[in-house]
Amino acid sequence: MDTLYILGNGFDLHHKLPTSYADFNKSVVETDPELAHTLEEYFTFKVNHKYLWCDFECDLGTFASQSFFDFHNGCDPLSENFRYSEVYAVEDEVREAAENLIESIRDAFSQWIDGIEFPEQPSRTTKLLNITDRSKFITFNYTATLEELYHISDDRIFYIHNKAGGFNGELIFGHGLADDEKQDDTLDEFGESSRTMFTDAEGAARSVFYAFRKDTDEVINEHGKYFRELAGTKNIIVLGHSIADVDNPYFQLIAKQAPGASWTFSYFGDQELEEKKNKAAAMLGIDKKNITMIKIEDLCL
């Protein structure tokens, strides 16, 4: 197998699909205003043209768990009417609220992705790319763009984070932080327990942070055979991918499997050309002279 294409959200955006975070946010505002308010309250998401999909995934790690806990904690231990059973009630309430929020975000995300439609005729402003259809494809997107617009056989496509419609599992998205930096240690500087009566409830609030951590190791372990079969790949073309840190393990594994491959990365604007080239070289552990940089438009038919 000579050529492997790796596709990110910029690939779908090039084809005029509404797959930006702004599009997702618009969908949530229209279908679930309460969830939209919660996202605004406890995360640092932004809605502007510079805010990339990788920014959204990264900011899933900014969940304000302490504020979430405080909102759901109506318990006052100093009250003369205080009963310790109230602490357990708070933990139950926080845990249920966290589980509901996780489910709501996942449901809203899936419904939005599933609702993205392809026009019967591509827009005149949508320019298809000169893609070698006998290649292999790894797509970080959830949409069927390759099948719908390029008529690529699905046996050539690996949906690394699964596909819209739930055909091959729950959609995978999230940040790459290993631990919640806001989490308090359970031991103080003297090795004594720093637990309070609310430690478990606060931990329940932090479950949202961990629910949206992207487990790249699990994906790699599950699909190890696929990655091993990339050995011998000669050309690797990365289109519309920001090469965010959370996805680095995938690229590093591919580079390890195909050490002699030539790499091509697309970039969006001249201001990011050198920065992205340097980042790609550092990520892959290769000389940047061996990396070619193009704009997606350079491949237009």
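Being farther than 26 Å from H161 by Cα and in contact (Cβ under 8 Å) with a residue 60 or more places away in the chain narrows it down to one residue among F11, F69; which is it? I'd like the intermediate steps shown before the answer.
Details: F11 fails: farther than 26 Å from H161 by Cα.
Of the residues listed, the single one that is farther than 26 Å from H161 by Cα and in contact (Cβ under 8 Å) with a residue 60 or more places away in the chain is F69.
Scan (1) assigned to a loop (DSSP other than H, G, I, E, B); (2) buried (at least 18 other Cβ atoms within 10 Å of the Cβ); (3) not small (G, A, S) for the single condition R195 breaks and write down its number.
So the condition that R195 fails would be (2).
Filter region 251-266 for residues that are within 25 Å of H175 (Cβ to Cβ) and buried (at least 20 other Cβ atoms within 10 Å of the Cβ) and give the result.
Step one: list which residues in region 251-266 are within 25 Å of H175 (Cβ to Cβ), which gives 251-256, 265-266.
Result: I254, F265, S266.
Report, by residue number, each residue of region 259-293 that is closer than 15 Å to Y5 by Cα and touching a Phe, Trp or Tyr at 6+ places or on another chain (Cβ under 6 Å).
I291, M293
Consider G166 against the criteria (1) under 17 Å from the mean Cα position of the chain (by Cα); (2) part of a helix (DSSP H, G or I): it satisfies all of them except one. Which criterion is unmet?
So the condition that G166 fails would be (2).
For residues in region 93-147 being among the β-branched types (V, I, T) and assigned to a helix (DSSP H, G or I), which is nearest to A201 (Cα to Cα)? Even if it seems obvious, please write down each step before you answer.
Kept after step one, since they are among the β-branched types (V, I, T), are these residues of region 93-147: 94, 102, 105, 113, 116, 125-126, 131-132, 138-139, 143, 145.
Filter once more, keeping what is assigned to a helix (DSSP H, G or I): 94, 102, 105, 113, 145.
Numbers: V94: 6, I102: 16, I105: 21, I113: 33, T145: 43 Å.
My answer is V94.
Name the single residue that is modelled with the lowest pLDDT among those in region 63-86 being assigned to a helix (DSSP H, G or I) and surrounded by fewer than 18 Cβ atoms within 10 Å (Cβ to Cβ). If you could, list the steps in order and put the result at the bottom.
So the first thing to find is which residues in region 63-86 are assigned to a helix (DSSP H, G or I), and the list is 65-72, 85-86.
Checking which are surrounded by fewer than 18 Cβ atoms within 10 Å (Cβ to Cβ) leaves us with 66-67, 70-71, 85-86.
Working: Q66: 95, S67: 97, D70: 92, F71: 95, S85: 67, E86: 70.
Ranking the candidates gives S85 first.
Among the numbered conditions (1) at pLDDT 95 or above; (2) farther than 24 Å from A282 by Cα; (3) more than 21 Å from the chain's Cα centre (by Cα), tell me where E202 comes up short.
For E202, the exception is condition (1).
Regarding K163, is this residue farther than 13 Å from L7 by Cα, crowded, with 16+ Cβ neighbours inside 10 Å and assigned by the TED database to the domain that holds T233? Let's see the steps before the verdict.
Details: farther than 13 Å from L7 by Cα: yes; crowded, with 16+ Cβ neighbours inside 10 Å: yes; assigned by the TED database to the domain that holds T233: yes.
For K163, the condition - farther than 13 Å from L7 by Cα, crowded, with 16+ Cβ neighbours inside 10 Å and assigned by the TED database to the domain that holds T233 - is met.
The values are calculated or read from the model by the stated rules, or taken from the named source; none is laboratory data. All of these numbers come straight from a predicted model, not from anything done at the bench. Here Cβ is always computed from backbone atoms with ideal geometry, including for glycine, and neighbour counts include all displayed protein chains.
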